[in-house]
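What follows draws every value from the coordinates through simple rules; no lab data is involved. All values derive from a computational prediction rather than experimental measurement. Counting neighbours? That spans all protein chains shown, and the Cβs are built from the backbone with ideal geometry, glycine included.
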Amino acid sequence: MCIPTAAVQCYSVAAIFAVTGVAAVSRHPVTVVVSFDGFRPDYIQPDATPTMARFRDASAAPPYMRSAFPTKTFVNHFTMATGMHPETHGVLDNYMFDRHNKTMHYTYEQFHYDDSLVPIWMQNEYNGEGRHSGVMMWPGSEFPYQSKNPTYTEVYNNSIHWNTRIDTIMSWIEDENRPANLVFAYFEEPDRTGHKKGVSSQEIKNQIARVENTVKYMLEQINYKKLEKEINLIILSDHGMDTVTYDRIIFLDNYVSNMTYKSIITGPNAFILPNMGKFDEVFTNLSNGANISNTFYVFKKYQLPDRWHMKNNPRLNGIIYLLAKPGYAFWYSFYQTILDQTTKEMFKVGTHGYDNDDPQMRALFIGSGPMFKRNFTALPFDNVDLYPLISHLLALKQPTNDTPHVNGTIAGVEQLLVSPKSSSADTLSPHILPTIIATVIDTMVRLPNLTLP
């Protein structure tokens, strides 16, 4: 709960967006979803991220959101976009074996295991009646689905300044001819830096400050632009992050000959494809190594836990799946590039992909706007439920019989909503007095330059 005092102002999107006497750009409810890759919920601290801390406290937010397994970027962004479990949408990691047993990474095939599945930005446009979607660098968004793309798409390019990305989003929403009523936006930090420097590094603290300033800029721009509709704004992340030191690196060559299998390894996750006739040998040797070292788990496809919603997919046929225990990771080429720049004693890398029950893998969620409760601490929920939540916010029609129904449900997320059973078209937020708005905006503008210890 956020209690206003003389020194602390509380605010939410509803307070910031409420502008008396302004008509909507789009005649449909507007929702903006912003993802900061690898942003752990505990990165928000009142001294380091004051804007985000106040925004969270004044909004509807659980202590954390549960990521899909494996807790990787492509997996979770596609789960959130489709409302499907990984075993259903087929994206099982950032790097995977393709149909020819070669490595695929961000390919059309990777995101098109099932062509009947479409991300919600396409479902929004299929609902018609002037609905338009914009997608800013969200993983998987540059590919067409069922031969169609959203109205607006910005392909991933980390050289584009973050404020410029926000400006582009605003232009999509404000467009007079094709105003976007749904926007998905992706920002690559603090994950990108965390992988190279670890969770506690000064470099990652700098990126957390960058996220803080970007959120502040976004809120200021939304008010400055005087958007003609109150917006439901969701700020979230895909997964958390943990740090691994050199003494916790697992070398598979210690347990099994690398001449007996092919592998795709990324941190704590490994796909092992044994050579013809070598499956039992490789599995036995890896299992013995896991028992001796007590640092990782070994699974045949059918042995994967049901709660991971991963094993019922043919992309795992013939694969032995490895998962490192928390704090450990498998050696692979990226770690060599890090070691080349430091020493074994100073070696620290950030990684993720662990069990989604691991507290370090938890994701962020903050929801604010006319349909969200204010000053509300929610119970944790699964990110697969975001699809039905956003569908509700947008008042989208249910999928037709020839479209697969999503795995996510509204049950876990309706707690966030002011009126769970009402349509967004019937839900209005109370007007906020202009004097209160002016005070809130003045407070935001006067926030000091943000620094982290």
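Determine by what factor the alpha-carbon radius of gyration of segment 226-287 differs from 2.2 N^0.38 Å, reporting the quotient.
2.00
Suppose the chain between residue 300 and residue 102 were pulled fully straight at 0.36 nm per residue; how much longer would it get relative to their current alpha carbon spacing?
Stretched out fully, the residue 300 to residue 102 stretch lengthens by 69.3 nm.
Which order do peptides 266-276, 298-308, 196-206 fall in by mean Cβ count within 10 Å, highest first?
Top of the packing list down: 266-276, 196-206, 298-308.
Place a point 7 Å from the Cα of residue 312 along the Cα-to-Cβ direction; which residues of segment 94-136 have their backbone N under 13 Å from it?
Hits in segment 94-136 for residue 312 at 13 Å: none.
What are the semi-axes of the equivalent ellipsoid of segment 19-138, taken as the square roots of 5 times the eigenvalues of the Cα gyration tensor, listed largest first and rounded to whole Å?
Sorted largest first and rounded, they come to 31, 24, 11 Å.
How far apart, in nanometres, would the label points at residue 248 and residue 342 be if each is projected 7 angstrom from Cα along the Cα-to-Cβ direction?
Each label point lies 7 Å from its Cα, and together they span 1.3 nm.
If packing is taken as the mean number of other Cβ atoms within 10 Å per residue, what is the order of 145-151, 116-122, 383-389, highest first?
383-389, 116-122, 145-151
Can you list the lysines whose alpha carbon is less than 18 Å from that of residue 397, not counting same-chain residues fewer than 8 positions off?
By straight Cα distance, residue 397 reaches 421.
Any chance you could list the semi-axes, whole Å, largest first, of the equivalent ellipsoid that the Cα gyration tensor gives for segment 345-401, using √(5λ)?
That gives 32, 17, 10 Å for the three semi-axes.
Which of the peptides 184-190, 71-77 is most tightly packed, and how do the rest follow, going by the mean number of other Cβ atoms within 10 Å of each residue?
71-77, 184-190
Expressed as a whole percent, how much of the Cα-Cα distance distribution for segment 69-120 exceeds 12 Å?
59
Can you bin every Cα-Cα distance in segment 233-344 into 10 Å intervals starting at zero and give me the percent of pairs per bin, rounded to whole numbers?
Going out from 0 Å in 10 Å bins, segment 233-344 shows 12, 42, 32, 11, 2, 0 percent.
Once the principal axes of the Cα atoms of segment 292-406 are found, what is the range along each, listed largest first in whole angstroms?
54, 39, 24
Would you mind computing the Rg to Rh ratio of segment 177-275 from its alpha-carbon coordinates, Kirkwood style for Rh?
Value, to two decimals: 1.18.
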